Structure formats: structure tokens, C-alpha cells
1. Could you please find all residues in segment A:30-59 being more than 10 Å from chain B (Cβ to nearest Cβ) and over 20 Å from B:M94 (Cα atoms)?
2. Out of A:L84, A:L77, which single residue is away from chain B (no Cβ under 14 Å) and either within 16 Å of A:Y31 (Cβ to Cβ) or of a type in the set (S, T, N, Q) (or both)?
3. Which residues, counting only those in segment B:70-101, are open to solvent by less than 60 Å² (accessible area, probe 1.4 Å) and away from chain A (no Cβ under 14 Å)?
4. Is there a residue in segment A:39-59 that is at pLDDT below 90, over 30 Å from B:T9 (Cα atoms) and of a type in the set (S, T, N, Q)?
5. Being within 9 Å of chain A (Cβ to nearest Cβ) and more than 18 Å from B:L77 (Cβ to Cβ) is the filter here; which residues of segment B:23-43 pass it?
6. Looking at segment A:17-102, what strands (runs of 3 or more DSSP E) fall wholly within it and have at least 2 residues that are under 24 Å from B:Y37 (Cα atoms)?
7. Restricting to segment B:23-44, name every residue that is open to solvent by less than 90 Å² (accessible area, probe 1.4 Å) and part of a strand (DSSP E or B).
Amino acid sequence: GPKVLQIPSHQIIDMGQMVTLNCDPVSNHLYFYWYKQILGQQMEFLVNFYNGKVMEKSKLFKDQFSVERPDGSYFTLKIQPTALEDSAVYFCASSPGLGGLEQYFGPGTRLTVL
Amino acid sequence: AQKVTQTQTSISVMEKTTVTMDCVYETRDSSYFLFWYKQTASGEIVFLIRQDSYKKENATEGHYSLNFQKPKSSIGLIITATQIEDSAVYFCAMRGSNTGANTGKLTFGHGTILRVHP
């Protein structure tokens with residue numbers, strides 16, 4: 001099936017540093033999402049993005065978070081500065097449209113903030 | 001706000017048997033979509049099956065099928081002829097219709113761990 005790629009698979013950084021998580025969505029998809037999963041818990045919605053704009057963000061999407069997809073390249077999630085509670089696995093997803101169309105998930109980036 | 005609840009933390013079954021995983025949901029949307037995903041041991045998240053709320057027929061996809069009971073806000077996942085490789089965490093999820101303010105975000109349950117034994 002369609003593949004979403006995420007780079008890197010694992011990132012370890014010190015608290016207060018900036019980190020950028022990269023997502024390469026399925027090529028013809030138009031809607032992009034980030035979800036956060038803390039170990040052993042469910043995935044929680046962070047933000048979605050369409051046509052160069054944030055459509056909706058959750059309360060987990062703090063002011064330190066930002067997303068962009070410059071010139072159709074990677075869809076990125078930037079955290080600046082990072083905090084200990086940002087440690088989690090971050091999943092990128094994409095879908096070709098809304099409606100009942102399923103979202104395809106990447107393999108996740110495990111972020112560890114020390 | 002939407003809510004998805006999976007009350008079964010884990011289930012163990014023997015290979016080649018049938019298993020049902022429960023999921024109930026809450027929403028104010030009159031139209032919505034329900035999904036089941038599984039997360040493998042490697043962390044990969046795989047889409048399994050979808051139910052549209054306006055459809056009365058239960059969705060089926062290979063050895064996955066759904067038991068959709070709309071009056072009970074329930075969407076159970078049924079896996080027939082289970083295999084060892086079905087061992088994973090199964091997440092129920094939902095999203096509202098694509099009208100108005102709904103933007104496609106999925107709300108997930110906490111997941112059910114399925115262990116299939118030989």
C-alpha cells in the first residue's frame with residue numbers, strides 16, 4: 001500500500017534544544033497530520049495541515065510547536081525549545097482527501113528529550 | 001468532543017479461532033466514520049477496515065469484519081481464523097463527517113493487545 005516515510009526514526013536531544021521531525025507523505029495526498037503517542041498509550045491528534053495552512057490543532061500542540069511544508073517537500077514538525085514531556089513517538093499521516101478516506105501512517109519518530 | 005473507549009486491555013486466543021474486540025464511541029456528529037488500525041510489534045500502524053455511519057451493512061475486509069450497532073454506539077472488530085501474525089495492538093478510531101468544522105482528525109481509543117498463541 002501507500003507509504004509514508006519519516007526521518008529520523010529516533011532522535012535524542014537535550015532539553016531546550018530545537019528538533020525538526022521530517023515526514024515524506026504519499027505523493028498525491030493533500031492532507032497531512034501529526035499524532036503523538038506516549039509509551040503504552042493511544043495516539044493523540046496534534047495538528048493537521050492542508051493547502052499550506054494549519055486546519056486544526058489540539059491543546060497538545062503547544063506554542064513551541066510549528067509545522068510547515070515548504071515547496072511540497074517534507075512536511076515538518078518543529079519543536080523549539082523542547083521539554084521533557086515532549087518525549088514520545090510522533091507519527092505523521094497523510095490522506096488524499098477528507099470524507100471517509102483512511103489516513104496512512106508513517107513508522108514514527110521516537111523522540112527522547114534528556 | 002468525540003470519545004472512543006476500548007475496555008479490553010488485552011485478549012489471548014488460540015490460533016485459528018475467532019476473536020471480537022469491543023469499542024464504543026461518543027459523538028455529536030450525525031454522520032461519522034469509524035476505523036480500526038493495528039500497531040505491530042515494530043510500531044508500524046496499519047489500516048484495517050472502516051465503517052461509514054450511514055451504512056447499515058457491516059463492513060468486511062478479508063478476515064476482518066465489523067459488528068456495527070449504531071443504537072449502542074458500538075463498533076466491534078471480529079477477526080476470524082486468527083493467525084500468529086495477528087498479534088498486535090488494535091486501535092479503534094473515529095472522525096466526524098467532512099462538513100463544517102471537521103478537519104479529518106482521528107480520535108483513538110487506548111487500544112487492545114491481542115496475543116494469538118499456537
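1. Listed by number, the residues that qualify are A:L39, A:N51, A:G52, A:K53.
2. Working: A:L84 fails: either within 16 Å of A:Y31 (Cβ to Cβ) or of a type in the set (S, T, N, Q) (or both).
One residue alone meets the criteria, A:L77.
3. From segment B:70-101, those open to solvent by less than 60 Å² (accessible area, probe 1.4 Å) are B:73-82, B:86-97; that's our starting set.
Of everything in segment B:70-101, those that are open to solvent by less than 60 Å² (accessible area, probe 1.4 Å) and away from chain A (no Cβ under 14 Å) turn out to be B:S73, B:S74, B:G76, B:L77, B:I78, B:I79, B:T80, B:A81, B:T82, B:D86, B:S87.
4. Yes.
5. B:S42, B:G43
6. Working: elements: A:19-24, A:31-37, A:43-50, A:53-57, A:65-68, A:75-79, A:88-95.
Counting at least 2 such residues, we get A:19-24, A:31-37, A:43-50, A:53-57, A:75-79, A:88-95.
7. Pass one, segment B:23-44, residues open to solvent by less than 90 Å² (accessible area, probe 1.4 Å): B:23-25, B:27, B:29, B:31-40, B:43-44.
Correct list: B:V24, B:Y25, B:Y32, B:F33, B:L34, B:F35, B:W36, B:Y37, B:K38, B:Q39.
Listed here are the residues, each with its yes/no results for (1) farther than 18 Å from A:T112 by Cβ; (2) open to solvent by less than 60 Å² (accessible area, probe 1.4 Å); (3) among the hydrophobic types (A, V, I, L, M, F, W, C); (4) without any contact (Cβ under 8 Å) to a residue 40 or more places away in the chain.
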| position | (1), (2), (3), (4) |
| --- | --- |
| A:I7 | no, no, yes, no |
| A:G16 | no, yes, no, no |
| A:I38 | no, no, yes, no |
| A:Q41 | no, no, no, yes |
| A:V47 | yes, yes, yes, yes |
| A:K53 | yes, no, no, yes |
| A:F65 | no, yes, yes, yes |
| A:R69 | yes, no, no, yes |
| A:K78 | no, no, no, no |
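The values are calculated or read from the model by the stated rules, or taken from the named source; none is laboratory data. Given the structure is predicted, the values throughout are model-derived calculations rather than measurements. With ideal geometry, Cβ positions are generated from the backbone for all residues, glycine too; neighbour counts draw on all protein chains shown. We work out accessible area using only protein heavy atoms, side chains counted, and drop any ligands, DNA or RNA first. Shrake-Rupley method; radii C 1.70, N 1.55, O 1.52, S 1.80 Å.
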